[in-house]
Amino acid sequence: MSDSDNVSGSAGADSNDVTVALVGGGTVGSQVARLLLESADDLAARVGRPLRLTGVAVRDTAKPRPGIPADLLTDDAAALAASGADVVVELIGGVSPADEYVRAAIAAGSSVVSANKALMAEQGGDLHEAAEEAGVDLFYEAAVAGAIPLLRPLGDSLAGDRISRVMGIVNGTTNYILTRMDEEGADYADVLADAQALGYAEADPTADVAGLDAAAKAAILASLAFHTRVTLDDVSCEGIENVTAADVAAARDMGFVIKLLAIADVTPDGAGVCVRVHPTMLPRTHPLAAVRGAFNAVFVEADAAGQVMFYGQGAGGEPTASAVLGDLVTAARHRVSGSLGAAASTYNDVAILPATQARTSYYVNFSVTDKPGVLAEIAQVFADNGVSISGVRQEGLTDQASLTIRTHEAVDEALRATVAAVGELDSVREVAGVMRVVGD
Ligand code: NAP
Ligand code: HSE
């Protein structure tokens with residue numbers, strides 16, 4: 001049997017084949033189709049039976065799609081999703097109509113593979129329940145950090161450990177922008193324009209630069225790491241739009257780099273889990289500080305394993321298709337053996353706390369009038385709010401003085417209250433910057 005026989009929908013079809021319906025044939029879907037065709041013999045050997053592609057649903061069937069046999073194209077995604085293929089691969093993105101197609105596939109008895117972070121961050125709990133009731137698999141390794149094997153290691157390999165923190169660079173666009181700001185001293189707006197011209201950033205970059213893409217991924221990571229349900233609404237989110245060249249230069253000067261991090265961790269008192277996305281100062285010696293350009297990396301801290309890091313390409317058609325195919329092979333193997341992957345582990349009824357309860361240390365920069373008593377007055381406000389100062393640095397004199405205060409770990413809401421109160425003092429002209437610090 002030739003490679004194409006193993007994936008074509010007609011010639012060579014066998015009722016023992018594992019049938020695969022591809023809903024979406026764009027950047028990722030077209031690469032999944034290509035790799036399915038090119039590697040058909042290897043995949044058949046790994047699964048134990050040939051994989052047979054039964055259709056590829058797209059919006060526009062007339063668009064040229066090199067590598068996808070024309071007779072497999074359809075614009076009826078709903079029918080293909082509900083066709084009862086052994087595995088339906090959803091690669092159209094967004095919540096609707098992907099949600100309806102995935103539910104239809106599950107209802108028809110198909111296992112589902114998806115790369116859709118938006119759908120999983122919003123509807124993952126319900127979809128897992130539906131898949132469990134129907135006795136089918138639901139896998140979505142590619143939804144977080146593209147090619148990086150991450151969700152299966154978190155959900156399976158670390159299932160015997162207790163994870164205390166997951167934090168990572170899970171958005172390539174913002175890491176590309178921040179890397180260039182750090183390395184070239186460039187302005188945010190200039191690098192964003194370049195990133196759009198080079199195709200790293202979308203024409204509408206809001207989901208990336210506002211942190212929303214990372215927040216959806218943070219919800220998925222937190223659900224797996226803490227065996228509970230976390231949705232997008234539980235994640236507090238601050239993007240990189242307000243990070244200035246001056247912030248980046250000041251961080252560099254102090255031995256730090258600014259990264260957009262997705263962080264999910266257990267509060268020190270064990271009361272709950274905080275999940276958030278925000279620009280963060282990382283010491284240059286931290287492993288995540290070395291992640292440059294559009295690459296992604298996720299750093300996990302677990303009681304027994306200690307520190308573990310996952311690194312690689314977080315996006316792109318071919319890298320993402322690798323993760324999709326990994327899920328597809330696993331789901332297909334289960335079909336052949338009549339088994340299923342583990343159900344979602346959500347036994348842990350832990351509180352998901354607002355990010356105001358998160359603890360980190362901070363750098364706060366104030367523009368102040370340099371005269372006797374100002375520092376004492378500011379320090380008193382910190383003390384009144386229970387925020388401990390670990391260092392102070394002043395540059396400039398008289399009205400131009402810039403006062404940078406470094407704190408010990410503090411609860412976010414206490415720090416916010418402190419900054420607001422300091423901002424009201426007559427001697428303080430401006431709160432010039434507040435940046436969280438992690439990893440030192
Ligand atoms: P894309 O290039 O926009 O492709 C989407 C595909 O779905 C296209 O073939 C489109 O048809 C088809 N489609 C969209 N709506 C449809 C509908 N209502 N009915 C039928 N077909 C429909 O998207 P992508 O970049 O491949 O992303 C796919 C998924 O992978 C998303 O969930 C995304 O978040 C995820 N992902 C992508 C990357 C990446 O680097 N691109 C990385 C990680 C995860 P037409 O071709 O006719 O327009
Ligand atoms: N837009 C995302 C990024 C890729 O920049 O990392 C897919 O999630």
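The values are calculated or read from the model by the stated rules, or taken from the named source; none is laboratory data. Treat the numbers as computed from the prediction; the structure is a model and nothing was measured. All Cβ positions, even for glycine, are placed from backbone atoms using ideal geometry, and neighbour counts span all protein chains on display. Just so you know, the surface numbers come from the protein's heavy atoms only, side chains and all, with ligands and any DNA or RNA stripped out. Shrake-Rupley method; radii C 1.70, N 1.55, O 1.52, S 1.80 Å.
Taken together, the residues in segment 31-48 that are within 16 Å of ligand 2 (Cβ to nearest atom) and open to solvent by 10 Å² or more (accessible area, probe 1.4 Å) amount to 1.
On the stretch given as segment 177-204, residues that are part of a loop (DSSP other than H, G, I, E, B) and at pLDDT 95 or above total 3. Just one residue in the set V136, V102 is in contact (Cβ under 8 Å) with a residue 60 or more places away in the chain, more than 16 Å from ligand 2 (Cβ to nearest atom) and β-branched (V, I, T); that residue is V136.
Within segment 369-415, if we keep just the residues that are at pLDDT below 95 and touching a helix residue (DSSP H, G or I) at 6+ places or on another chain (Cβ under 6 Å), the residue that is most open to solvent (accessible area, probe 1.4 Å) turns out to be D370. Across segment 56-77, the qualifying residues are those that are within 11 Å of ligand 1 (Cβ to nearest atom) and open to solvent by less than 50 Å² (accessible area, probe 1.4 Å), and the one among them that is nearest to S337 (Cα to Cα) is V56.
Scanning for something among the aromatic types (F, W, Y) and within 27 Å of E129 (Cβ to Cβ), does segment 370-391 turn up at least one residue? No, that holds for no residue. Check segment 254-274 and report whether any residue there is free of Cβ contacts under 8 Å to residues at least 12 places away in the same chain and over 21 Å from R406 (Cα atoms). Among the residues of segment 254-274, at least one is free of Cβ contacts under 8 Å to residues at least 12 places away in the same chain and over 21 Å from R406 (Cα atoms), which makes the answer yes. For the condition small (G, A, S), free of Cβ contacts under 8 Å to residues at least 24 places away in the same chain and part of a helix (DSSP H, G or I), A321 does not qualify. On the basis of being at pLDDT 95 or above and over 29 Å from the mean Cα position of the chain (by Cα), does V32 make the cut? No; evaluated as a whole, the condition is false for this residue. Return the residues of segment 114-133 that are open to solvent by less than 20 Å² (accessible area, probe 1.4 Å) and within 16 Å of ligand 2 (Cβ to nearest atom); say none if nothing qualifies. Matches in segment 114-133: S114, N116, L119, M120, A121, G124.
I'd like the full set of residues that are of a type in the set (A, V, I, L, M, F, W, C) and either more than 13 Å from ligand 1 (Cβ to nearest atom) or surrounded by fewer than 24 Cβ atoms within 10 Å (Cβ to Cβ) (or both), limited to segment 93-113. Of everything in segment 93-113, those that are of a type in the set (A, V, I, L, M, F, W, C) and either more than 13 Å from ligand 1 (Cβ to nearest atom) or surrounded by fewer than 24 Cβ atoms within 10 Å (Cβ to Cβ) (or both) turn out to be V95, A98, A104, A105, I106, A107, A108. Note on segment 189-213: residues that are away from ligand 2 (no atom under 12 Å from the Cβ), under 14 Å from G293 (Cβ atoms) and surrounded by 12 or more Cβ atoms within 10 Å (Cβ to Cβ) amount to 2. Pairs linking a residue in segment 156-177 that is among the basic types (K, R) to a residue that is assigned to a loop (DSSP other than H, G, I, E, B), with Cβ atoms under 6 Å and 6 or more positions apart or on different chains, are R162/D303. The set of residues in segment 347-368 that are surrounded by 17 or more Cβ atoms within 10 Å (Cβ to Cβ) and of a type in the set (G, A, S) comprises A355, A358, S361. Condition check for A297 on (1) outside the structural domain of V28 (by TED's automatic domain parsing); (2) closer than 27 Å to Q31 by Cα; (3) more than 13 Å from ligand 2 (Cβ to nearest atom); (4) among the small types (G, A, S): one failure, at (3). Restricting the search to strands (runs of 3 or more DSSP E) fully inside segment 337-440 and requiring at least 1 residues that are more than 26 Å from the chain's Cα centre (by Cα) and not aliphatic (A, V, I, L, M) gives 359-368, 389-395, 401-407, 428-437.
Any idea how many residues of segment 294-306 are within 30 Å of V32 (Cβ to Cβ) and open to solvent by 70 Å² or more (accessible area, probe 1.4 Å)? Matching residues across segment 294-306 total 1. Is at least one residue of segment 112-132 assigned to a loop (DSSP other than H, G, I, E, B) and closer than 28 Å to N171 by Cα? For segment 112-132, residues assigned to a loop (DSSP other than H, G, I, E, B) and closer than 28 Å to N171 by Cα: present. Taken over segment 307-346, residues that are open to solvent by 60 Å² or more (accessible area, probe 1.4 Å), polar (S, T, N, Q) and under 27 Å from L53 (Cβ atoms) amount to 3. If you scan segment 280-310, which residues turn out to be within 16 Å of ligand 1 (Cβ to nearest atom) and either without any contact (Cβ under 8 Å) to a residue 40 or more places away in the chain or of a type outside the set (A, V, I, L, M) (or both)? Within segment 280-310, G293, F295, N296, F310 meet the criteria.
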